[in-house]
Amino acid sequence: GVPVWLWTDVTPVTWGPNSATASVPGLSVTATAKARQIVWDMGDGHTETCRNPGTAYYTGGVVSPTCQHVYVRSSADQPDLAYTITATTTWYVTWTGGGTSGSLTVTRVSTGHVRVGEVQVLITTS
């Protein structure tokens, strides 16, 4: 029941913007990419869509102000005792060069694992 915070570092290669130029004699094309969202497949049948890079966990934080997921079961019955998380980032790319321009959308996928434990508390009164 504790929220798992979801975020990515904000750098040109993880969230953008990131620009690159390719040139040949007489022609140059520049492309600029910026992430638009991350869809997190949490491995438990649920997904979370975050339209920002999220907020990095900080000491004392409980509920993420931007993006989180709450597991309702431990990962004890999962392979290697962990949920496999898949993050799919959607990037919007614009390009110009050669007297023309355009745009396209691309996705990039990354995976990781998270172990979710369980604590059971028994309260007795006398």
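Odds and ends about this structure:
- Checking THR11 against (1) within 23 Å of GLU118 (Cα to Cα); (2) in a loop (DSSP other than H, G, I, E, B), the condition it does not meet: (1)
- Answer from VAL93, VAL62, VAL114, VAL106 - the residue that is over 13 Å from the mean Cα position of the chain (by Cα) and over 20 Å from THR14 (Cβ atoms): VAL62
- Residue in the range 44-55 that is over 11 Å from the mean Cα position of the chain (by Cα), under 21 Å from VAL2 (Cβ atoms) and of a type in the set (Asp, Glu) present: yes
- Some residue of the range 16-32 being in contact with a Lys or Arg (Cβ under 7 Å, 6 or more places away or on another chain) and touching a residue at least 24 places away in the same chain (Cβ under 8 Å): yes
- Hits in the range 86-97 (condition: open to solvent by less than 60 Å² (accessible area, probe 1.4 Å) and out of contact with any Phe, Trp or Tyr (no Cβ under 6 Å at 6 or more places or on another chain)): THR86, THR88, THR89, THR90, TRP91, VAL93, THR94, GLY97
- Tabulated pairs, the range 67-92, first part of a loop (DSSP other than H, G, I, E, B), second surrounded by 14 or more Cβ atoms within 10 Å (Cβ to Cβ) and polar (S, T, N, Q), C-beta under 6 angstrom, 6+ apart or interchain: ALA82/SER75
The values are calculated or read from the model by the stated rules, or taken from the named source; none is laboratory data. What you see is a predicted model, and the numbers here were worked out from it, not measured in a lab. All Cβ positions, glycine included, derive from the backbone under ideal geometry; neighbour counts span all protein chains shown. These accessible areas exclude ligands, DNA and RNA; they are computed on the full protein's heavy atoms, side chains included. Shrake-Rupley method; radii C 1.70, N 1.55, O 1.52, S 1.80 Å.
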